[in-house]
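**Student:** Let me begin by handing over the structure; questions about it come next.
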Amino acid sequence: MRIDVVTIFPDYLAPLGLSLPGKARDKGLLDVAVHDLRDWTTDRHHTVDDTPYGGGAGMVMKPEPWGQALDAVAQGATIVFTTPSGEPFTQQVAQELSGHEHLVFACGRYEGIDQRVVEHAATQGTVREISLGDYVLNGGEVAALAIIEAVVRLLPGFMGNAESLVEESHADGLLEYPVYTKPSSWRGRDVPDVLLSGDHARIAAWRREQAARRTADRRPDLLPPTGAVTGLPDL
Ligand code: ADE
């Protein structure tokens, strides 16, 4: 997979050289480049923003540098605009993006990017406008980092143990069950007996029930409608 990130704060993306994406690069699964949007400005001050038409607070990112940047790096790519007004980022979106050969992340700042850039980008590649969640960050860089990390760990050959992808939160639409490791007793708190039983069927049933219970408590919106036939344990 090839990933290009366009931002006015390239240093913000330094973690892409570390940890998971760094490992993917070392394994040859990933080729990442971070670009400074100001490299595509032509004025002395490297201006990337201007006041909004129609008035209102804040500044809007100008179309010209973005047009030049996307012309240079985004032909035929899937172009992700990180924005609080995008579709919510989910594990399913991560799965979809992990199947694409070339992702370009366009990180907006201020009040956002001139909408014509998004329209133009749709003539160059496939556009996704994606939000990390229902809150406002100062810019799209942190969202791009989070999305890249979630996508890269799904690349075939990246995870040493593919089973951990199957069992983790959201993989099956539920939150993950609680996990424990040694020692079996710690500060007066014991690991649930069933996990020490060696009875794999009972352990699997307990985990399914815990996952369903957790999801019902914390994220009832993830559960199928009542009455649906799901195979989930009754709580
Ligand atoms: N930029 C600012 N806030 C954002 C959010 N919640 N998601 C994606 N990009 C953003």
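The values are calculated or read from the model by the stated rules, or taken from the named source; none is laboratory data. Source: prediction; values computed, not measured. Cβ atoms come from the backbone with ideal geometry, glycine included; neighbour counts cover every protein chain shown.
**Student:** All but one of (1) of a type outside the set (Lys, Arg); (2) touching a Ser or Thr at 6+ places or on another chain (Cβ under 6 Å); (3) farther than 30 Å from residue 51 by Cβ hold for residue 181, so report the exception by its number.
**Tutor:** (2)
**Student:** Another question, then. Among (1) more than 17 Å from residue 16 (Cβ to Cβ); (2) buried (at least 18 other Cβ atoms within 10 Å of the Cβ), where does residue 73 come up short?
**Tutor:** (1)
**Student:** In region 32-69, what count of residues is obtained for those that are among the aliphatic types (A, V, I, L, M), farther than 23 Å from residue 145 by Cα and part of a helix (DSSP H, G or I)?
**Tutor:** So the count comes out to 0.
**Student:** Just for region 112-143: of the residues that are more than 8 Å from the ligand (Cβ to nearest atom) and aliphatic (A, V, I, L, M), which one is nearest to residue 93 (Cα to Cα)?
**Tutor:** Looking at the filtered set, the residue picked out is 127.
**Student:** I'd like to check something: does region 58-72 contain any residue that is free of Cβ contacts under 8 Å to residues at least 60 places away in the same chain, at positive phi and more than 14 Å from the ligand (Cβ to nearest atom)?
**Tutor:** Looking for residues that are free of Cβ contacts under 8 Å to residues at least 60 places away in the same chain, at positive phi and more than 14 Å from the ligand (Cβ to nearest atom), one finds none in region 58-72, hence no.
**Student:** Let me ask something additional. Any idea which of (1) assigned to a helix (DSSP H, G or I); (2) of a type outside the set (D, E, K, R); (3) in contact with a Pro (Cβ under 6 Å, 6 or more places away or on another chain) is the one residue 136 doesn't satisfy?
**Tutor:** Answer for residue 136: the failing condition is (1).
**Student:** Given the criteria more than 11 Å from the ligand (Cβ to nearest atom), under 13 Å from the mean Cα position of the chain (by Cα) and modelled with pLDDT under 95, does residue 153 qualify?
**Tutor:** Here the answer is yes, as residue 153 does meet what is asked.
**Student:** Failed condition for residue 135, given (1) under 30 Å from residue 171 (Cβ atoms); (2) touching a Leu at 6+ places or on another chain (Cβ under 9 Å), with all others met?
**Tutor:** Here residue 135 meets the rest and fails (2).
**Student:** So is residue 151 of a type in the set (Val, Ile, Thr), out of contact with any Phe, Trp or Tyr (no Cβ under 6 Å at 6 or more places or on another chain) and surrounded by 14 or more Cβ atoms within 10 Å (Cβ to Cβ) or not?
**Tutor:** On the way: of a type in the set (Val, Ile, Thr): yes; out of contact with any Phe, Trp or Tyr (no Cβ under 6 Å at 6 or more places or on another chain): yes; surrounded by 14 or more Cβ atoms within 10 Å (Cβ to Cβ): yes.
Yes.
**Student:** Still on this model: Mind counting the residues in region 99-138 that are surrounded by fewer than 19 Cβ atoms within 10 Å (Cβ to Cβ) and under 17 Å from residue 8 (Cβ atoms)?
**Tutor:** 4
**Student:** Please enumerate the residues belonging to region 51-70 that are loosely packed, with under 14 Cβ neighbours inside 10 Å and either touching a strand residue (DSSP E or B) at 6+ places or on another chain (Cβ under 8 Å) or not small (Gly, Ala, Ser) (or both).
**Tutor:** 51, 53
**Student:** Sticking with this structure for a sec: All but one of (1) assigned to a helix (DSSP H, G or I); (2) at pLDDT below 95 hold for residue 172; state the number of the condition that does not hold.
**Tutor:** Here residue 172 meets the rest and fails (1).
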